[in-house]
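Quick notes on the structure that follows.
The values are calculated or read from the model by the stated rules, or taken from the named source; none is laboratory data. The shown structure was predicted, so the numbers you read here are calculated from the model rather than taken from an experiment. Note that each Cβ is placed from the backbone with ideal geometry, even for glycine, and that neighbours are counted across all protein chains shown.
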Amino acid sequence: MDLTAAAKKLQSLRSLMTGHTDRSEERRILELFTGATAAELNYLLSNVDLDALLGDVDDRVVGPDNLTALLELLCVKRAPELGLPLRAALITALQKGETPGLAERMVRALFLGLRGRELSEFKNLLDGRGSSHDLQQLLFHDVDDAGIRQEILTHIRQESVGAPSGENKVLSDIDDTFLANWKDDRYPSKTVYPGVLQFYRELDRGPGIIPGREGDLTFISARPQDPLGLIEDRTLETLRGHGVSSAVMLSGAFTHLLGNSRIAEMKFENFSRYIQLYPEYGFVFTGDSGQGDVAFGERMLAEYPESVRAVFIHDVVDTPESVRQTWRSRRIFFFDNYVGAAVEAFEVGVIARDGVARVVRAAQEDLGRVPFTLEAQRQARQAELERDVRRAEAITGTPRAG
């Protein structure tokens, strides 16, 4: 690509977009994109404000439908020439505000133009934007046309048959699973549990020698979602502040806040949509014993036994060992700390042997930083952790961290 020529075209494009764009300027924008080489097209779209571009070009009641022409050019005719991040950026621009019929048709075109592993990568890019505007929001809320939605979901399902990812999506609850925030009074309030972040990383990494792609963590919570996604965005920001660099959020509803059965129902509704988005993946779920997660996990395993690999339950209500063993036979594993969870995950085959060792080190380091107010509480958690460290050593040969 001639960078000088491309830079001149970019300058011309930005000049045309300055101020109000009339019909002639819109036509020149269209001509500029039409005449660009593939490299120039990627360069221009990478260096222009796509929201502003789509806002500057219009369809008219009487006159040319320049916006339709532009979108058909970018999302249909020349989409195969665009890199996946740019195609995802086009979706982001289309998803802003209302999504009229034209935008939904362009979303469909972008999805149906991808196959196999490229389609998986595209979906993950859409889910990696760090906001409530994720893939589930796009297809189950922003796309209102049921026919278009079903076409996209059918395409996703068909393409998954020949391109299994071989990886697991890592689903997790938040309260009393990621941090102490409901029934668990064994730790200071809002404590991020020792080792939990490393446990997520190991589940994401997978059991193989070659690590899986990063970024498969999804929080599925009873916390409600408002129409603007403000609560969800705030929760994601809080999670980032606690060390979660990248995650997707599947939220609940205000009507499901009361009662464990209603919480479990809402989570399952979310999961039943989510699995339609990623049929090429397996799934593991980590929850707690205090708020409907056992029932949710049981239903996941019952209805999707081939896709759900295991359910891990952080025990915050002192479940008897006999009850734990009953659940264990159903692939629902109770644990007291994340070293214990790592041992169970290794035994069921969803994390690697050396991953257990990394969780052990992280949990020991994290526990040392917890600001316990009572020494007896600190000692109890330390003894509990050391018990499961010995289990990790016995099962995996993990050397004790010094």
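Restricting to region 27-42, name every residue that is aliphatic (A, V, I, L, M) and loosely packed, with under 15 Cβ neighbours inside 10 Å. Step through it out loud before you land on a result.
Residues of region 27-42 aliphatic (A, V, I, L, M): 29-30, 32, 36, 38-39, 41.
Correct list: 38, 39.
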>> For the condition touching a residue at least 12 places away in the same chain (Cβ under 8 Å) and either surrounded by 15 or more Cβ atoms within 10 Å (Cβ to Cβ) or out of contact with any Ser or Thr (no Cβ under 9 Å at 6 or more places or on another chain) (or both), what is the one hit in 97, 83, 63?
In response: 63
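Of all residues in region 302-326, which are of a type outside the set (Asp, Glu) and part of a loop (DSSP other than H, G, I, E, B)?
Passing the criteria: 304, 305, 307, 316, 317, 319, 320.
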> Across region 321-374, what is the number of residues that are out of contact with any helix residue (DSSP H, G or I) (no Cβ under 9 Å at 6 or more places or on another chain), touching a residue at least 60 places away in the same chain (Cβ under 8 Å) and of a type in the set (S, T, N, Q)?
Replying inline: 1
> If you check residue 129 against the conditions, is it basic (Lys, Arg) and not assigned by TED's automatic domain parsing to the domain that holds residue 45?
Replying inline: yes
> Here is a list of conditions, (1) at pLDDT below 95; (2) over 27 Å from residue 355 (Cβ atoms); (3) not aliphatic (A, V, I, L, M), and residue 240 meets all of them except one; can you say which number that is?
Replying inline: (2)
> Mind checking which residues of region 168-205 are within 27 Å of residue 280 (Cβ to Cβ) and in contact with a strand residue (DSSP E or B) (Cβ under 7 Å, 6 or more places away or on another chain)?
Replying inline: 168, 169, 170, 171, 172, 173, 174, 177, 178, 200, 203, 204
>> Out of 362, 357, I need the residue that is more than 23 Å from residue 174 (Cα to Cα) and of a type in the set (Gly, Ala, Ser). Which one?
In response: 357
>> Between 253, 295, which is modelled with pLDDT of 90 or more, surrounded by fewer than 19 Cβ atoms within 10 Å (Cβ to Cβ) and of a type in the set (A, V, I, L, M, F, W, C)?
In response: 295
>> Considering only residues that are in contact (Cβ under 8 Å) with a residue 24 or more places away in the chain and charged (D, E, K, R), which ones fall in region 126-161?
In response: 127, 129, 134, 142, 144, 145, 151, 157, 159
> Do you know which residues across region 60-86 are in contact with an Asp or Glu (Cβ under 7 Å, 6 or more places away or on another chain) and hydrophobic (A, V, I, L, M, F, W, C)?
Replying inline: 67, 84
> Can you tell me which residues in region 327-350 are over 20 Å from residue 386 (Cα atoms), touching a strand residue (DSSP E or B) at 6+ places or on another chain (Cβ under 9 Å) and not basic (Lys, Arg)?
Replying inline: 327, 332, 348, 349, 350
> When region 31-77 is examined, which residues are found to be within 29 Å of the chain's Cα centre (by Cα) and of a type in the set (Val, Ile, Thr)?
Replying inline: 48, 76
